[in-house]
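Okay, structure first, notes after.
The values are calculated or read from the model by the stated rules, or taken from the named source; none is laboratory data. Small disclaimer: the values here were computed from a predicted structure and weren't measured. Reconstructed Cβ throughout: ideal geometry from the backbone, glycine too, with neighbour counts over all protein chains shown.
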């Protein structure tokens, strides 16, 4: 049986842009939402040579006002050169017309302090959450 309400629902199609041991980038077209997972310790830029180029590929898919779920639960404190690269990534997100951002902060206390410092530089505002499900629910409002 045909359901006319179904025709008006946004159909989500999640595209995996990149995934490796250090990060994952996915885009949900129905929600216009970018998902970034940052994993573990990045010793230097050589650990993640494709990160910024992969992020740029993901940003080609977004529409202005897109939402972001940034999952940093397993992030370990990054050295300054890597932290600078994250600042570059945040600038790219802002320039791509980021709407609303939700961040799941690291479990590691020192990494949390580093993330707070980085976000404090004003590239974009990110609401803080303890879990991915809480962040997702807030973004869906």
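Observations, loosely collected:
- Selection status of residue 103, touching a helix residue (DSSP H, G or I) at 6+ places or on another chain (Cβ under 8 Å) and in contact (Cβ under 8 Å) with a residue 40 or more places away in the chain: no
- Hey, residue 88 within 21 Å of residue 45 (Cα to Cα), without any contact (Cβ under 8 Å) to a residue 40 or more places away in the chain and under 15 Å from the mean Cα position of the chain (by Cα) or not: yes
- For beta carbons closer than 6 Å, sequence separation of 6+ or different chains, a first residue in segment 3-31 that is more than 20 Å from residue 140 (Cβ to Cβ) and a second that is modelled with pLDDT under 90 and part of a strand (DSSP E or B), there are no qualifying pairs.
- Residue selected from segment 19-44 under the condition part of a strand (DSSP E or B) and out of contact with any strand residue (DSSP E or B) (no Cβ under 6 Å at 6 or more places or on another chain), by the criterion modelled with the highest pLDDT: 19
- Filter result for residue 93 (in contact with a helix residue (DSSP H, G or I) (Cβ under 7 Å, 6 or more places away or on another chain), closer than 18 Å to residue 17 by Cα and surrounded by 15 or more Cβ atoms within 10 Å (Cβ to Cβ)): no
- Within the set 4, 49, the sole residue that is surrounded by fewer than 15 Cβ atoms within 10 Å (Cβ to Cβ), more than 19 Å from residue 101 (Cα to Cα), at pLDDT 95 or above and out of contact with any helix residue (DSSP H, G or I) (no Cβ under 8 Å at 6 or more places or on another chain) turns out to be 49.
- Of all the numbered requirements in (1) surrounded by 13 or more Cβ atoms within 10 Å (Cβ to Cβ); (2) not in a helix (DSSP H, G or I), residue 141 misses one, and that requirement is (1).
- Of the residues 133, 97, the single one that is under 14 Å from the mean Cα position of the chain (by Cα) and within 20 Å of residue 30 (Cβ to Cβ) is 97.
- Evaluation of residue 136 against the conditions (1) over 20 Å from residue 20 (Cα atoms); (2) outside any helix (DSSP H, G or I) shows that the sole unmet condition is (2).
Per-residue answers, yes or no, for (1) buried (at least 18 other Cβ atoms within 10 Å of the Cβ); (2) assigned to a strand (DSSP E or B):
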position: 12; (1), (2): no, no
position: 17; (1), (2): yes, yes
position: 54; (1), (2): yes, no
position: 59; (1), (2): yes, no
position: 63; (1), (2): no, no
position: 70; (1), (2): yes, yes
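- Each residue in segment 91-111 was checked for being at pLDDT below 90 and assigned to a helix (DSSP H, G or I), and 3 of them qualify.
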